[in-house]
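Single-structure report; data block below.
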Amino acid sequence: MHSNAALCTGDGSASVGAVVSQQVVPVDKFDLAAVERAVALGWPAVEPVIGDLLAWVQDYNWPVAHSLTPFLKSIGPPLAPYLVPILEGDDYVWQYWIIQYLLTDADPDLVRQFRPLLQRIADDPSDDERLEGLDEVAAAALGRTGNGPQ
């Protein structure tokens, strides 16, 4: 197994080939071995495939999602730019899982970057956001109580 240092280029960034060669992106919803390899490599070594890893959180019912979310959440503020397109998109179920499992009780610096969006969803959700329960998880991510289970 390669160490993180062995996977980094001279500027400290991981090479895409090295990460992919480690097979860190699950090939199916049961590929927990790939998740274990991703976690073992850690951040920033998995940065080149972080979008692919986030895709496995589109349905938290998938076994790989349960294993990935603690690792993804542990990345903290550096994860923010990769969450923006998800949270600005129209896949409300994916947004629910991202807010519920990556932003609720997360590093305050990460949550702070999404505070305006979370406040808007909690206080003035669209019909689709309300239908998927985004208003409740957004309120929970903001630390509000009384809006359903946290």
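Here are the numbers:
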| read-out | value |
| --- | --- |
| Given (1) closer than 20 Å to ASP52 by Cβ; (2) buried (at least 18 other Cβ atoms within 10 Å of the Cβ), index of the condition ALA141 fails | (1) |
| Criterion (of a type in the set (D, E, K, R), modelled with pLDDT of 95 or more and assigned by TED's automatic domain parsing to the domain that holds ASP31) met by exactly one of ASP109, ASP128, ASP91, ASP59 | ASP59 |
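The values are calculated or read from the model by the stated rules, or taken from the named source; none is laboratory data. Just so you know, these numbers come straight off a predicted model, no measurement behind them. As a convention, Cβ positions derive from the backbone with ideal geometry for all residues, glycine included, and neighbour counts pool all protein chains shown.
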